[in-house]
Structures are given as structure tokens and as C-alpha cells.
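Rule-based calculations on the coordinates, nothing more; no lab input. What you see is a predicted model, and the numbers here were worked out from it, not measured in a lab. When we count neighbours, we look across all protein chains shown, and the Cβ atoms used for this are built from the backbone with ideal geometry, even at glycine.
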Amino acid sequence: MTSPAKRLCSSSSSLIKYQWHPIVDDDYLRLPNLIQMTVARVKDRQLTSDIIPLINTIYSWPHSLKHIRRLHKHDNHLDILLYPSSFITPLEKTEFDKYFENETRLINIPENPCLLKWQYDICIKDHWPGLVFRENKILEQSQLNKDLTEQDDIILDLFQKIQENDKESHYAIIVDNERQIPLVGSRDYRDKHPLQHSTMVAIDLLAADSVYLRENLIEKFIEKQEKKTYLLNGCSIYLTHEPCIMCAMALLHSRVSTVYYVNKHVHVGALGSKYKLHTLKKTNHRFTVYHLEQINNGDTVNS
Ligand SMILES: [Zn+2]
């Protein structure tokens, strides 16, 4: 069977395969900021209990760096993070010479905790090995591409059908996650009204008092379904195009659970291209976002 995604997204090769690619917070895509610290090597490990209080009087380890272990043992050595390299009142030479070997060195430590395993692996290898890190399996999982499900195929197939006579327009289909059924489908009416983007119209169709009074395109293809949830709670939305900031905000206000979109909107897209509105930390609702991406280019795919 030819995947609907292939038909929807590509006019070229029927061998192209797709997956959903998560659009995640930039904090998961880059390393934490680094701070340069001065490190010294302890002469006699038996004096550690004297060294720690001494160093603490000079530079008390801040709570914000609790993800960093100040001491690191390796082989027969013990290294200690003294203070930031820019620290203006370092240890006096006589005391330094009493407890530490010759010279200090500079290393970088992450300013904030590593969130993902790949960040941790790089930081302990390239910077400071003494990091506190607990892997969050759910978070790790949320970073992975996911295969198209049967529901995805059905929805993308529906896009094909409702797009038949209007291929240029943007479309939106809202799905009830639990019952796995499409509830409403809309095209875009921005040529008639500046606010009636397909996402806005689809949300409006599910409201108790619809004001746009547009056609629910889904009703042409399946029996009309009643929505039982509040706003878009428990619903996902599939879009032919990445939403603009107005539509993305409307989805946030509507409490959508997941957004799947096919085409990026490079200049105005608010869920990955221009902004990542769903990752803003102070909003009162978070949702997941996936973009349909090609995973292999021209390789043979068994059907
Ligand atoms: Zn929009």
C-alpha cells in the first residue's frame, strides 16, 4: 500500500519514507553554557577534611552548581574545583603550597544540569567528569523520531481526499486521541477573512457556539462525531502547514495535546521554523509537536 504521507508530501519518488520528527526546546539540542573554573590537585588525600572547610571560606560552593561534584578522584589523584577562573581573591600562595601540587589548571563546567544523556556524555568526556545526572527515560524518548501509525495514515489519506479540488489551501484535521477518530476538518478561508486560517476554523467548528459557520469537511467522508471533551483536551491536530503564531497560540489556549504538521512555514511558522511557541517556559499549557520528515532519500523501501 502506498503511504498517504508519500502521496501528500512528495510529487517525486514513491520510495521516499517518512517519520514524525519532534520539534523540541533548544535546550535539548545544545550543550549547557560553560563556566571556566580553576582546578587544583590535592597533595595528600588524607588532608581533604581540612581542605574542604578552608576552600569553603574562600569560595562557598553555590547551590546553583549542586549538579557539579566539587571533588573528583581518578587513578591515585584527587582534584578539586577551587573557584571560577575570574575569582578575584584566590587562595594565598603559602596555603596553596601546603595543600596542593604545583600549579592549577582551568577547566569548563556546565552552568546548568545536563538534561539529556548525550549532553552528559560530552560534558564528562570533554570537561569535568564529576557531574550529577539522572537519565529521564521519558524525556529521552520524547526526543526520538516516531513511525507513522495507522491513524496517521488514515488522517493523511483524509487530507488527500479533502484536498482533491483545492490543493493549494492549508488544511486542519482534529482527532480525538482516545477514540482515534477525526472530529472536524477545515480548509483555509483567509482569502475571505484574515483570521480564518484552517487551524482557527477547525477549532471554531468544535466550539459550542461556532462563529465562523464553515463546513466540516470530515462529514463528507465519515459519520459526524460528537466531541465530548473540554476544548481540545485529549485531541491532536494534523495540519498540512506549520501554524502561524496566531494559530499556535489558539492551539495552546485550546489545550491541544499534540500537533502534527507536514510542511514547514519558514518565515512565519510558530512551532519550529520562526518560533517554538510550545516550548515557552511560562505558558500554562505545554504540548508536543511533530513535523513530517523524510528519513531516507531514494533508498529502496519494501512495501
Ligand atoms: Zn495561522
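Restricting things to alpha carbons, find the Rg to Rh ratio for the chain using the Kirkwood radius for Rh.
1.18
Which order, highest average first, do 121-134, 251-264 follow once you tally other Cβ atoms within 10 Å for each residue and take the mean per peptide?
Top to bottom by mean Cβ count within 10 Å: 251-264, 121-134.
I need the Debye-formula profile for the range 31-141: one equal scatterer per C-alpha, no solvent, reported as log10 I(q)/I(0) at q = 0.19, 0.24 1/Å, two decimals.
At q = 0.19, 0.24 Å⁻¹ the computed log10 ratios are -0.99, -1.43.
Anything over 20 Å Cα to Cα? Flag those among 73/93; 66/117; 192/264; 167/220; 93/125; 17/167, in the order listed. Numbers along the way, then the final one.
Values: 73/93 24 Å; 66/117 18 Å; 192/264 23 Å; 167/220 17 Å; 93/125 31 Å; 17/167 22 Å.
Table pairs above 20 Å Cα-Cα are 73/93; 192/264; 93/125; 17/167.
On full extension of the chain, what length is gained from residue 147 through residue 95, given 0.36 nm per residue of separation minus the C-alpha to C-alpha distance?
Extending this stretch completely gives an extra 12.6 nm.
For the range 68-137 and the range 13-65, write down the distance between their C-alpha centroids in whole Å.
9 Å
Using 1/(1 + (r/R0)^6) with R0 = 25 angstrom and r between the beta carbons of residue 221 and residue 195, what's the FRET efficiency to the nearest 0.05?
Working from the Cβ atoms, E equals 0.45.
222 nm [θ] for the chain, helices only, -39500 (n - 2.57) per DSSP H run of 4+, per residue, to 500?
-6500 deg cm²/dmol
Taking the chain as a Gaussian network, where each spring joins two C-alpha atoms under 10 Å apart, which residue of 51, 68, 174 fluctuates the most?
Top of the fluctuation ranking is 51.
Assuming R0 = 51 Å, can you tell me the calculated FRET efficiency for the pair residue 293 and residue 44, based on Cβ-Cβ distance, to the nearest 0.05?
Efficiency computed from Cβ-Cβ geometry: 0.35.
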